[in-house]
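Colleague: Sharing a structure below in structure tokens format, with a few things to ask.
The values are calculated or read from the model by the stated rules, or taken from the named source; none is laboratory data. The shown structure was predicted, so the numbers you read here are calculated from the model rather than taken from an experiment. No Cβ is skipped: glycine too gets one built from the backbone with ideal geometry, and neighbour counts run over all protein chains shown. To get the accessible areas, we keep the full protein, side chains included, count just its heavy atoms, and leave off ligands, DNA and RNA. Shrake-Rupley method; radii C 1.70, N 1.55, O 1.52, S 1.80 Å.
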Amino acid sequence: MKKIEQVAETFSHLQATICRVLEAANGKGKFSNDEWNKEIGCGVTRVIGNGKIIEKGAVNFSLVRGNFSEHMELILGEKADKYAATGLSSILHPSNPWIPTIHLNVRYFALDNGVSWFGGGIDLTPSIIIPEQAAWFHQQIKEICDRFNPAFYPEFKIWADDYYFLPHRNETRGIGGIFYDRVKPNEQNSFETLLDFAAAQASAYPEIYSEFMKNSTKAFSDREKNWQNLRRGRYVEFNLLNDRGTKFGLESGGNTESIMVSMPPNASWEYNYFPEPGGFEEKTLTLLKKDINWIGYKPE
């Protein structure tokens, strides 16, 4: 478990870098700096709100330790006495409905029995899906993956499609990206490789979003804003019902405010909603499905 400090230091430095790049691109507002300490561990929650482009955003770092409970043994299938975990996560909710919401999470989990693993990924949740934008995003993610292992992108892309899915709605949360969990260091993917892979995702994250933020001047009406709030409602549903990080954080006694900071500033639900035929709302709904080859996407 000695490597936990190395990973935590890397994630802490990346948190500062992400905030600095996003502040420059946002053009207004600064991230707050809320350091928290609990019996389980410590962390830093950095939040920005009412910015020029980012309506609400957060970049969280945490390092926690605790007893490996029977419940954890049952879920993870491991026998151990103690665990340690460190993670870096971020969520950015834009004001303009034409700019997508983006999410990053990289984490490292270690047990005192010598077993450890990495997890994480990046995914994009547009309120209004623009295929060219989706293709560009997936190309950026693929290039990061290919630098470390060409098998990563196709495997982790499928994993993201399956994970960021709302079964009760039969739709994906957005256009996916990559997601992976419990990837253990081995001869093919060493600890150093997996840590560098996590760091590469975190480093690229604000640069990718800075490109999307250039679309902040595109005009929108109440129609687009109302649709954005409906899609944010789906985001809330996923986080509360399906997100593993939310569940683990709450069950392990983590900092509740930091866990819930991923929620959008506003969201709405409309009973029995049906989109206007032929509109961007209907088109977006038709694209919220698994197994789309976004890089090679061609409209039907």
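Colleague: For a quick check of your reading of the filter: which trypsin sites (Lys or Arg not before Pro) in region 53-109 sit in a DSSP loop and have no more than 16 other Cβ atoms within 10 Å?
Modeller: Numbers: sites: K56, R65, K79, K82, R107; in loops: K79.
Taking region 53-109 and a limit of 16 other Cβ atoms within 10 Å, the loop trypsin sites (Lys or Arg not before Pro) found are K79.
Colleague: Could you give the angle, 0 to 90 degrees to the nearest 10, between helix 222-241's Cα long axis and the longest principal axis of the Cα atoms of the chain?
Modeller: 30
Colleague: What lysines does K289 reach when the alpha-carbon gap must be under 19 Å and sequence neighbours fewer than 8 apart in one chain are set aside?
Modeller: K157, K298
Colleague: Moving to a separate point now. What FRET efficiency comes out for the pair S210/E39, r = Cβ-Cβ distance, R0 = 25 Å, nearest 0.05?
Modeller: Values: r = 38 Å, r/R0 = 1.52.
Given R0 = 25 Å and the Cβ-Cβ separation, E is 0.10.
Colleague: What residue among R46, R182, R234 has the largest mean-square fluctuation in a Gaussian network model of the chain, using Cα springs under 10 Å?
Modeller: R182
Colleague: Tell me which GluC sites (Glu not before Pro) from region 1-71 have a DSSP coil assignment and no more than 10 other beta carbons within 10 Å of their own. Let's see the in-between values first.
Modeller: On the way: sites: E5, E9, E23, E35, E39, E55, E70; in loops: E39.
Hits after loop and neighbour filter: E39.
Colleague: Length gain on complete extension for the stretch R244 to Q188, per 0.36 nm per residue less the alpha carbon to alpha carbon distance? Please list the in-between numbers first.
Modeller: Working: separation 56, 0.36 × 56 = 20.16 nm, distance 2.68 nm.
Stretched fully, the R244-Q188 segment lengthens by 17.5 nm.
Colleague: Now, a different point. Using a Förster radius of 35 Å, what is the FRET efficiency between L166 and K79 based on their Cβ-Cβ separation? Nearest 0.05, please. Write down the numbers at each step before the final one.
Modeller: Working: r = 34 Å, r/R0 = 0.97.
That gives a FRET efficiency of 0.55.
Colleague: Right, here's the next one. Show me the three semi-axes of the equivalent ellipsoid for region 96-135, from the C-alpha gyration tensor (sqrt of 5 times each eigenvalue), largest first, rounded to whole Å.
Modeller: On the way: eigenvalues 241, 18, 4 Å².
Square roots of five times the eigenvalues give 35, 9, 5 Å.
Colleague: Moving on. Would you mind checking K214/K247; K2/K79; K28/K247; K30/K184; K142/K283 for any pair whose Cα atoms are more than 27 angstrom apart?
Modeller: Beyond 27 Å: K214/K247; K28/K247; K30/K184.
Colleague: Expressed as a rounded percentage, what relative contact order does the chain have, with Cα pairs under 8 Å and six or more residues apart?
Modeller: Values: 520 pairs, mean separation 54.1, N = 300.
Worked out over the chain, it gives 18 percent.
Colleague: Does region 169-300 classify as rounded, prolate or oblate by the C-alpha gyration tensor (a ≥ b ≥ c root eigenvalues; a/c under 1.5 gives rounded; else a/b over b/c gives prolate, otherwise oblate)? It would help to have the intermediate numbers written out before the result.
Modeller: Values: a/c = 1.84, a/b = 1.43, b/c = 1.28.
Cα axes put region 169-300 in the prolate bin.
Colleague: Let me ask something else about it. Through the Karplus equation 6.51 cos²θ - 1.76 cosθ + 1.60, θ set to phi - 60°, convert the phi angles of region 277-293 into ³J(HN,Hα) values in whole Hz; use x for Gly and Pro.
Modeller: Working through the residues one at a time gives x, x, x, 5, 5, 5, 4, 4, 4, 5, 9, 8, 8, 6, 6, 7, 7 Hz.
Colleague: Which value, in debye to the nearest 20, describes the size of the charge dipole of region 96-188 about its Cα centre when Lys and Arg Cβ atoms bear +1, Asp and Glu Cβ atoms bear -1, and nothing else is charged?
Modeller: Numbers: 8 positive and 11 negative charges, 28 e Å.
Charge dipole, region 96-188, about its Cα centre: 140 debye, nearest 20.
Colleague: Taking the dipole about the Cα centre of the chain, with the C-beta of Lys and Arg at +1 and of Asp and Glu at -1, give me whichever of F148, Y205, I292 is farthest to the positive side.
Modeller: Highest projection toward the positive end goes to Y205.
Colleague: Still on this structure, please answer the following. With Rg and the Kirkwood Rh both taken from Cα atoms, where does Rg over Rh land for region 208-280?
Modeller: Values: Rg = 15.8 Å, Rh = 14.8 Å.
Result for region 208-280 is an Rg/Rh of 1.07.
Colleague: When the chain is modelled as a GNM with alpha-carbon springs shorter than 10 Å, which of T17, T172, T217 fluctuates the most?
Modeller: T217
Colleague: Provide the per residue accessible area, probe 1.4 Å, for the chain, rounded to a whole number of square angstrom.
Modeller: Working: 13980 Å² over 300 residues.
Accessible surface, normalised per residue, equals 47 Å².
Colleague: Evaluate E = 1/(1 + (r/R0)^6) for Y273 and R20, where r is the Cβ-Cβ distance and R0 equals 25 Å; express this FRET efficiency to the nearest 0.05.
Modeller: On the way: r = 40 Å, r/R0 = 1.59.
With a Förster radius of 25 Å, E is 0.05.
Colleague: Take the solvent-accessible surface of the protein heavy atoms, probe 1.4 Å, and return the percent of it on region 77-201 that carbon and sulfur atoms account for. Present the calculation step by step, with values, prior to reporting the outcome.
Modeller: Details: 2130 of 4230 Å².
Within region 77-201, the accessible surface is 50 percent carbon and sulfur.
Colleague: With +1 on the Cβ of every Lys and Arg and -1 on the Cβ of every Asp and Glu, and nothing else charged, how large is the dipole of region 147-300 about its Cα centre, in debye rounded to the nearest 20? Numbers along the way, then the final one.
Modeller: Numbers: 19 positive and 22 negative charges, 38 e Å.
About 180 debye.
Colleague: Comparing Q15, Q140, Q188, which has the greatest mean-square fluctuation in the GNM of the chain with Cα pairs linked when under 10 Å apart?
Modeller: Between Q15, Q140, Q188, it is Q188 that shows the largest mean-square fluctuation.
Colleague: With the crude spin-label approximation of a point 7 Å out along Cα→Cβ, what separation in nm comes out for D181 versus E237?
Modeller: Distance between the two pseudo-spin positions: 2.0 nm.
Colleague: Charges at C-beta only: +1 for Lys and Arg, -1 for Asp and Glu. How large is the resulting dipole of the chain about its Cα centre, in Debye rounded to 20?
Modeller: Numbers: 33 positive and 38 negative charges, 109 e Å.
Magnitude of the dipole: close to 520 debye.
Colleague: Is region 176-242 rounded, prolate or oblate when judged by the Cα gyration tensor, a ≥ b ≥ c being the square roots of its eigenvalues, rounded requiring a/c under 1.5 and prolate requiring a/b larger than b/c?
Modeller: Working: a/c = 5.42, a/b = 1.83, b/c = 2.95.
Oblate.
Colleague: Which whole-number percent is the relative contact order of region 82-150 (Cα, under 8 Å, 6+ apart)? Before the final figure, lay out each step's value.
Modeller: Numbers: 92 pairs, mean separation 18.4, N = 69.
Value for region 82-150: 27 percent.
Colleague: Of the options N105, G43, L92, report the single residue whose Cα projects farthest towards the positive end of the charge dipole of region 30-108 (beta-carbon charges: Lys, Arg +1; Asp, Glu -1).
Modeller: Final value for the positive-end residue is L92.
Colleague: Calculate the translational D of the chain in whole µm² s⁻¹ from Stokes-Einstein, where the hydrodynamic radius comes from the Kirkwood formula applied to all Cα pairs, the temperature is 4 °C and the viscosity 1.567 mPa s.
Modeller: Numbers: Rh = 19.8 Å.
Rounded to a whole number, D works out at 66 µm²/s.
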